[in-house]
Every structure is written in C-alpha cells, then in structure tokens.
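The structure appears below as structure tokens.
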Amino acid sequence: MSTTLASSGVTLLAIERTVTSCPPEAAHAATSCGPEDGRVDIIVEYDSPDPLQEVDDAWFGLALRFGLFGESGEFLLLVNLHDDPYDSDLYWARVRLQAKWTVVGSNSTTINGPAGDGLGTMSPSGDVLIVGTTYEEYMSVLAVPHPHRASAIRKYAQFMLRDGKLAADETKNVKTWLARD
C-alpha cells in the first residue's frame, strides 16, 4: 500500500484500525446525500482539456474550503486492504500529500483514486468527507460537511449495526459516531 500511494505522491503515515469517525463502509453513501445535507459538488466534464487535473484541482479546492487537512497536512484516505476490489476490507489510512501528487488516479474515464479503489477522503476530525464519483457524462468531486448529520450516511451506519456482521469494537465505534453531536 505504501508503494502504491507513493507512486501517486501520497505518503502513508498509518492505517487507522480504530476510528470513531465515519465508518469506512458508510463513506460511500456520501454520493447519496443531497443539498439538504450540505453536499457541494464540482462537476468535471470528460471532454475537458485535462479532466484528471481538473478533478485534482476540484478536490484540493474543496479540501481547502472545508478544512480537510489536519495541522501537519494529514488527512484520511479510504483504502481497501484486499487485492480484490469486490472483496473489501476498508480502513481509513492517515496520509499526507507530497510536493507532486494526484488523488484522482491515472484512468481518464473514472476516478480510481491513488490506491486504485476510488476516492474517499475525510478530515482527521471527521468533520468533512470529500469523495469522487463517476457518472456517464461527467465526474464529480463532492464534499459533505458534518457527515454524522447526513441522513444517507447515518442510515447506512444504522444498517451496518442492524446487519449484525460487525465485530464488537466496530459496533462500539459506529455507535459512538452515531451519537456524535
């Protein structure tokens, strides 16, 4: 993982095994949030002169606007620790950007992220999620401030609890997150 991220200009600092912020599996529900949840989108058309750079620029702009970066520039990146993208073992990785970086990835038809499994980022405080998604005619980078208040993300986290497949520590973390003000 460290080598893969480094090739995108992202330094791996740690894999966060215990996070009481947004559950990694629930972060993808950010794409189901609407304006009532505070969602802000930046759209990039595929036929733009440099769509990958525009997505990186959009992500960075939202990151600055919504305070994604911690005191020393670190943020959380959603990573799948399984090699098979269809068999996920999702965690938040604490990372930092190098001088030259890309978070969108290298595939011009999708946002595959620096680790090859999509783009999901969160501030260390858990106060904002910024994710990338691909649609038929364009790509989008979107921010959801205060994800613990966003209905789609909360519903997914509640489903995770009802599903009963979480380990005891994961259940505790999700409950702590849902109880956040």
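Between the helical axis of 51-66 and the longest alpha-carbon principal axis of the chain there is an angle of about 50 degrees. 3J(HN,Hα) along the range 170-181, derived from phi through the Karplus expression 6.51 cos²θ - 1.76 cosθ + 1.60 where θ = phi - 60°, amounts to 5, 4, 4, 4, 5, 4, 4, 5, 5, 7, 4, 7 Hz, with x in place of Gly and Pro.
For q values of 0.15, 0.17, 0.20 Å⁻¹, compute log₁₀ I(q)/I(0) with the Debye formula on a Cα-only model of the range 1-105, without solvent. Cα-only, vacuum Debye calculation for the range 1-105: -0.76, -0.99, -1.34. Solvent-accessible area assigned to carbon and sulfur over the range 56-181 amounts to 47 percent, based on a 1.4 Å probe. Dividing the mean sequence gap of close Cα pairs (under 8 Å, 6+ apart) by how many residues the chain holds gives a relative contact order of 32 percent. Near the amide H of V128, within less than 5 Å, lie the amide hydrogens of S123, H146, all on another chain or at least 5 residues away, with H placed in the peptide plane. Net charge in the neighbourhood of G34 (other residues with Cβ under 15 Å of its Cβ; Lys, Arg +1, Asp, Glu -1) is +1. If R0 is 35 Å, the Cβ-Cβ spacing of K172 and S2 corresponds to a FRET efficiency of close to 0.75.
Average accessible surface for the range 1-145: 46 Å² per residue, computed with a 1.4 Å probe over protein heavy atoms with every protein chain in place. The separation of the range 1-39 from the range 128-181, counted between C-alpha centres, amounts to 10 Å. Using a Gaussian network model of the chain in which every pair of alpha carbons under 10 angstrom is joined by a spring, one finds that among A14, A29, A93 the greatest mean-square fluctuation is at A14.
In this structure, the amide hydrogen of G113, modeled 1.01 Å from its nitrogen in the peptide plane, lies closer than 5 angstrom to those of G105, G118, counting only residues at least 5 positions away or on a different chain.
Name the most mobile residue of S151, S32, S123, meaning the one with the largest mean-square fluctuation, in a Gaussian network model of the chain with Cα contacts below 10 Å. Between S151, S32, S123, it is S32 that shows the largest mean-square fluctuation. Would you mind checking which residues have amide H under 5 Å from L13's amide H? H placed 1.01 Å from N; only 5 or more apart, or other chain. Amide H neighbours of L13, under 5 Å, 5+ apart: R94, V95, R96. Among W92, W101, W59, the residue with the largest mean-square fluctuation in a Gaussian network model of the chain, with springs joining Cα atoms closer than 10 Å, is W101. Positive end of the charge dipole of the chain (Lys, Arg +1 and Asp, Glu -1 on Cβ, about the Cα centre): tell me which of T3, G34, S48 has its Cα farthest that way. So the residue we want is G34.
The values are calculated or read from the model by the stated rules, or taken from the named source; none is laboratory data. Values in this document were obtained by computation on a predicted structure and should not be read as measured data. Here Cβ is always computed from backbone atoms with ideal geometry, including for glycine, and neighbour counts include all displayed protein chains. Remember, those area values only see protein heavy atoms, side chains included, never the ligands or the DNA or RNA. Shrake-Rupley method; radii C 1.70, N 1.55, O 1.52, S 1.80 Å.
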